[in-house]
Each structure stands twice: as C-alpha cells, then as structure tokens.
Amino acid sequence: MALHFELVTPAKLVRSEEVHMVVVPGSEGEFGVLEGHSPFMSTIRDGALQVFKTAGAAPETIMIQGGFAEVGDAGLTVLAEHVEG
Amino acid sequence: MASLKELKGRITSVKSTQKITKAKQMVAAAKLRKAQARAEAARPYAERLTSVMASLASKVGGDNAPKLLAGTGSDQRHMLVVVNTDKGLCGGLNANIVRAASQKARQLIADGKDVELYLVGRKGRAPLKRNFPERIGNQFDTSQVREPGFEEAEQIASEVIGMFEDGKFDVAHLVYPVFKSALAQDPTVQQIVPVPAPETAPSDDAGAVVEYEPGEEEILEELLPRYVKTQVFGALLEIAASEQGASMTAMDNATRNAGDLIQKLTIQYNRSRQAAITTELVEIIAGAEAL
C-alpha cells in the first residue's frame with residue numbers, strides 16, 4: 001500500500017518517495033491520492049500539500065505555488081513552480 | 001633588438017597575464033561543475049512537463065486549442081529571443097550565438113518577414129545592434145543577478161507571452177547554445193511561440209480514461225505559459241553551462257599561449273644577455289692585450 005509520490009520544481013526534483021497518501025490543493029478543491037487512484041489531472045492553487053508517510057501519521061506540510069498534479073500508473077507527480085519547506 | 005630591461009619587463013607582464021588566465025580557467029572549471037549540476041537537476045521537470053503537454057495537446061486539438069498552441073494563423077512577424085552571456089572571456093561563444101541569430105534573422109528578412117530581436121544578456125547587444133539597427137526590441141538585463149534562475153526565466157517568458165497576447169508578433173524563436181561539452185557549444189534556434197506541437201507520445205495507458213479538473217482546455221491553457229517558461233529557463237541554464245565551458249577552454253588556450261610566449265622571450269633574453277657578456281669580455285681582453 002504505497003503510493004509513489006514525486007514533487008518536482010524547475011530547479012530540481014524535490015521528493016521522490018513511497019508514501020501512504022498525499023492531499024493536494026487542487027484548483028477545484030483539495031483531493032487526497034492513495035495508491036491505485038484512477039488517472040487524474042488537475043491544476044493546483046497555491047497552498048499546502050500534505051504528505052502522510054503512513055496511515056494515521058501526522059502529515060508533513062509542504063507549501064507549493066503554481067503548477068499541476070498528475071496521477072497515473074506510476075503514481076502521483078506534482079509539478080510546482082515554487083516550493084517552500 | 002630589444003634591450004635586456006625591456007625584455008624583462010615583457011616577461012613579467014606576460015607572466016602576470018598567465019596568472020590571470022590560469023585563475024579564470026580554474027574558476028570556470030569549478031563553476032562549470034555547478035552549472036552542469038543545475039542543468040541536470042532541471043531535467044526531470046522539463047521531461048514531465050513535455051510528456052504531459054504531449055498527451056494533452058493530442059486530446060485538445062483543432063479549433064478550440066488555445067492561441068499559444070495554435071498560433072495567430074499568420075507567420076508574418078517573427079521575434080528572436082537571443083540569449084547571450086553577460087561576461088566575456090569565453091572565446092567565440094557569443095560570436096557564434098550572434099552569428100546564428102543573424103543568419104536566422106537574415107533568412108527571415110529574405111523571406112519577406114518582419115523580424116524583431118529581444119536580447120537577453122549584455123554581450124550580444126553591440127554586434128546585433130550593428131547588424132540590425134532597426135530591429136532591436138526589448139532587452140532583458142541579467143547582469144545584476146549572479147545566477148540567472150527560474151525567476152528571471154519567468155520574467156522573460158511572461159514578457160514574451162504578454163507581447164504575444166498583445167499581438168506584437170506571431171512566431172517567437174529562442175536562440176541559445178546547447179552545451180555539449182567544454183569544447184563544443186552549438187547555437188540552436190528553437191521555436192517557442194506558438195508552442196510546437198509535441199510529437200504524440202505513445203500513450204501507455206490507452207485503456208484508462210484520465211479525468212481532468214477543471215477541463216482539458218483549461219489545464220492546457222495553464223500549462224502552455226509554464227512550458228514556455230521552462231524552455232526559457234532551460235536556455236538560461238544552458239547558457240550558464242556553456243559560458244563556463246567555453247571560458248574554461250578559452251582560458252586554457254590562453255594560459256598555454258602565454259607559456260609559449262614566456263619561453264620564447266626567456267630564450268631571447270638569455271641570448272642577448274650572453275651576447276652582452278661576450279662583448280664585454282672581448283673588450284676587456286682587447287684592452288689587456290693593448291697594454
């Protein structure tokens with residue numbers, strides 16, 4: 001039960017790891033991505049990305065700005081222009 | 001024949017030049033490694049963006065494609081975004097970029113198109129102004145920043161896109177060197193606006209239906225400016241790496257040439273010193289014999 005999660009900015013690959021769940025601030029509302037999510041693509045608004053390493057663990061928050069998220073067979077890829085924290 | 005003192009002065013001067021070129025070479029070598037790492041780190045983003053673009057662009061085709069993808073329907077007015085370095089001491093790099101840009105501009109002018117130049121970096125300004133005095137548009141100054149990064153790329157790209165949306169031009173090309181190695185940097189002309197339709201990647205998830213939020217078109221509309229930004233950012237990284245690479249090679253040559261010159265001058269110096277000593281001896285002996 002692991003979701004492959006990648007967070008990429010123009011400057012570098014920030015994260016590439018296996019996580020339990022990621023909550024993405026989509027432009028039409030937040031959405032959580034677990035493993036096996038159907039293919040999905042959304043633009044994101046500026047906000048906090050929450051990464052749950054394991055089920056029930058406290059989320060790790062990453063502030064992201066501008067970009068979009070893509071869910072495919074390979075997992076979740078978030079392309080953001082700016083990342084803090 | 002130059003006097004001994006003059007020769008000595010020249011040797012000292014060439015030696016200090018050699019020290020400068022040697023230092024510049026080592027600085028460039030260190031910076032090159034960093035610039036290359038930065039260029040490498042930027043690759044994943046560009047790759048993913050391109051693949052997403054390709055899959056989206058193939059879906060949103062035809063009439064409802066955004067202007068940035070479909071173009072204005074004409075290709076009369078062209079804009080060349082020429083990326084040069086800010087500093088010199090990097091061999092023929094800037095001259096090569098200027099030559100590539102001028103060639104492209106001349107070709108477009110010969111085809112009866114209007115050409116405008118948008119210059120990034122300080123070094124290309126003078127020669128391009130001389131070649132095309134009427135056609136210089138905006139300039140973007142990167143000389144105040146130490147390492148041109150994404151922010152600068154963002155500014156350049158939004159200015160270019162803004163001009164496109166205002167209807168100032170129909171097609172934009174980016175002229176920049178592609179860093180191959182420290183010895184070779186190829187000037188490249190690449191179209192950035194309208195975004196060239198990417199070759200449709202064979203979709204690996206042919207069966208799966210991708211959901212889009214908001215819609216495909218909205219996403220694509222947001223994606224295209226980002227794509228242009230990424231292209232410009234890539235060009236900035238390439239120019240940074242190319243500058244250091246070219247500088248390293250040029251300074252290596254300069255150091256070696258200075259070494260050769262020093263050797264030649266030293267031989268000349270020793271010869272004339274020997275000649276002076278011999279003359280002196282002959283005089284003394286001749287004087288002693290006369291007594």
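Could you give the semi-axes, largest first, of the ellipsoid that matches region A:3-84, computed as the square roots of 5 times the alpha carbon gyration tensor eigenvalues and rounded to whole Å?
After scaling each eigenvalue by five and taking roots: 17, 14, 13 Å.
Summarise the partner chain shielding of B:40-52 as one whole number: the mean count of Cβ atoms from other chains within 10 Å of each residue's Cβ.
Average per residue, whole number: 5.
Using θ = phi - 60° and the Karplus relation 6.51 cos²θ - 1.76 cosθ + 1.60, list the HN-Hα couplings for region A:54-59 in order, rounded to whole Hz, with x at every Gly or Pro.
Computed from phi, the couplings for region A:54-59 are 9, 4, x, 6, 5, x Hz.
Can you give the Rg and Dmax of the protein assembly as shown based on its C-alpha atoms, in angstrom?
29.2, 116
Just from its helices, what would the mean residue ellipticity at 222 nm be for chain B, if runs of 4 or more DSSP H residues each count -39500 (n - 2.57) and the sum is divided by every residue, rounded to the nearest 500 deg cm²/dmol?
About -21500 deg cm²/dmol.
Rounded to the nearest 5, what % of the DSSP beta bridges within chain B are antiparallel ones?
35
Per-residue mean of other chain beta-carbon atoms within 10 angstrom of the beta-carbon, peptide A:2-11?
For this peptide, the per-residue mean of nearby foreign Cβ atoms is 4.
Looking at A:M41, A:V22, A:A11, which one has the Cα that reaches farthest to the positive end of the dipole of region A:3-84 (charges on Cβ: Lys, Arg +1; Asp, Glu -1)?
Positive-most Cα among the choices belongs to A:A11.
Taking θ = phi - 60°, what integer Hz values does the Karplus form 6.51 cos²θ - 1.76 cosθ + 1.60 yield along region B:240-255, in sequence order, with x for Gly and Pro?
Once rounded to whole Hz, the list reads 5, 5, 4, 4, 5, x, 5, 5, 4, 5, 4, 6, 4, 4, 4, 4.
Given a Förster distance of 41 angstrom, what is the FRET efficiency for B:S181 paired with B:A70, based on the Cβ-Cβ distance and rounded to 0.05?
Efficiency, from the Cβ-Cβ distance: 0.60.
Given H placed 1.01 Å from N in the peptide plane, which residues other than close sequence neighbours of B:Q191 have an amide H under 5 Å from its amide H?
B:L174
What residues qualify as long-range amide H neighbours of B:F140, i.e. H under 5 Å apart, gap of 5 or more or another chain, H built at 1.01 Å from N?
Counting only residues 5 or more places away or on other chains, the set is B:L119, B:V120, B:G121.
Give me the inter-chain shielding for B:125-136: mean count of other chain Cβ atoms within 10 Å, whole number please.
0
Using only the Cα atoms of chain B, what semi-axes does the equivalent ellipsoid have when each is the square root of 5 times a gyration tensor eigenvalue? Give whole Å, largest first.
Listed largest to smallest, the semi-axes of chain B are 58, 21, 13 Å.
Read the figures in this text as sums done on the coordinates, not as results from a lab. Predicted model only: the values in this text are computed from it and were never measured. Every residue, glycine as well, gets a Cβ built from its backbone with ideal geometry; the counts of neighbours run over all protein chains shown.
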